Every structure is written in C-alpha cells, then in structure tokens.
Amino acid sequence: MTNHGYARTSTFDQQYGLDDQIAQLTKAGCDKVFSEQVSATDMDARTQWTALIAGLKAGDVVTITKIDRAARNIADMVGITKKLADIGASIRILDMNIDTTTATGTLMLNIFASVAQFERDQMLVRQRIGIEAAKAKDKTLPLEQRTYKGAQPTARAKAAEVHALLAAGRSKEQIAKALNIGIASVYRILKAAA
C-alpha cells in the first residue's frame, strides 16, 4: 500500500498555498506527493493528477487536503471515488476527516453527495418555478416588453461564426470578444472540429 498525496493550486501566484498543502500531506504520511499549479476545470492540463491515477494499484490511498484540490464539487468527487474503487484504491480528505478505507468514511462521502444532489435538484425546481412565473406574467405584455426571453443560445451555437472569423485571420481572443463568448469556448469549439 502506498499513500499518494495530491496538491494543486489554480495559479502560479499561489505558491504558498501549494507549499502548505505539500507540508500537510507530508505530515499526513504521504509516501509521494504529486503537485501542480493548474485550474481544476481543465482535466487535460492536470498531468500530475493523470500520472497519479495511472500509477495507482489496489490498496493504494490518495490523500488530498480539501475536496476542491481534486474535484469541482461533491458529485465530481463521487465519480473520482468510484474510479479509485474500481482500481481498488481509496481516498482521504484531510479537512473533512473522510477516509474511504473505512465504511464510515464511505458513508460520510455518500451522505455529502446525496445532500449536494438534493440541493441541485431543489435549485432546478426553483428555477423552473421562476421561469413559469415569468412566462405567465409576460403573456399579457407585448413581445418587446417581455422579461423572459427563453433559453439563450450557447457558445457552441456560434461555432460557424468562430470558424469563419478564424479563417478571416482573427485571433482567438478577438473571436471571443467579437462574439461575446469566453476564450475557453472558442478553444472548445476549435478542438471539437479538429
């Protein structure tokens, strides 16, 4: 059994935070600590996380200081935990005192995941109620005065425009600004077409 630590900060400006995580992981008995400074949302850029997962064997433990070092949310963490369980590995989250090598730790993580899912479901219900109320209120108004405009098109709906602007020699930053979408959306659209 090997106890692997994983430390991550989002930017290079957070070196102190990375050093602090490494110190906590070392103190927690990690045999090896993988660390990187990269956004949690870009899984492809998380090369140390990928290397850590690829090297796991049955019985290994992955230790993190906080849930947001490995996952964006509890639901994300449940997916990671399942992936580790399929390998035969487990996870420890220091600040939550969760250790999935124990039945209690697994139970606690599942309870947190259930609460997170419940909150998401409740938010969607409230959103749907709000949309229905806005639609009902707007029915009596002329079209141009209505407040509810319906679901707005996503950045992917602008894929043809992205490609046209790129072909015209515009930079990715210029495309994002011209189409009022995020730079990450431009990259996603271009990656999907490659």
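Some observations on this one:
- Selection of the range 31-59 for residues being in contact with a helix residue (DSSP H, G or I) (Cβ under 8 Å, 6 or more places away or on another chain) and assigned to a strand (DSSP E or B) yields V33, F34, S35, E36, Q37.
- Restricting the first member to the range 114-127 and to residues that are small (G, A, S), and the second to residues that are part of a helix (DSSP H, G or I), the beta-carbon pairs closer than 6 Å and six or more apart or on different chains are A116/I74; A116/A75.
- Filtering the range 72-93 to residues that are hydroxyl-bearing (S, T, Y) and under 20 Å from E119 (Cβ atoms) leaves only T81.
Rundown of residues vs (1) aliphatic (A, V, I, L, M); (2) under 21 Å from the mean Cα position of the chain (by Cα); (3) surrounded by 12 or more Cβ atoms within 10 Å (Cβ to Cβ), yes/no style:
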position: N3; (1), (2), (3): no, no, yes
position: G29; (1), (2), (3): no, no, no
position: T50; (1), (2), (3): no, yes, yes
position: A75; (1), (2), (3): yes, yes, yes
position: I87; (1), (2), (3): yes, no, yes
position: R92; (1), (2), (3): no, yes, yes
position: F112; (1), (2), (3): no, yes, yes
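- When I129 is tested against (1) at pLDDT 90 or above; (2) surrounded by fewer than 14 Cβ atoms within 10 Å (Cβ to Cβ); (3) among the β-branched types (V, I, T); (4) within 26 Å of the chain's Cα centre (by Cα), exactly one condition is not met: (4).
- One residue alone among D68, D86 is assigned to a helix (DSSP H, G or I) and under 16 Å from A7 (Cα atoms), and that residue is D68.
- Wholly enclosed helices (runs of 4 or more DSSP H) of the range 135-194 bearing at least 3 residues of a type outside the set (A, V, I, L, M), surrounded by 10 or more Cβ atoms within 10 Å (Cβ to Cβ) and at negative phi: 172-179, 183-193
- Screening Q117, Q122 for residues that are exposed (fewer than 13 other Cβ atoms within 10 Å of the Cβ), among the polar types (S, T, N, Q) and more than 19 Å from A51 (Cβ to Cβ) leaves exactly one candidate, Q122.
The values are calculated or read from the model by the stated rules, or taken from the named source; none is laboratory data. Since the model is a prediction, treat every value here as computed from it, not as a measurement. Cβ: placed from backbone, ideal geometry, glycine included. Neighbour counts: every protein chain shown.
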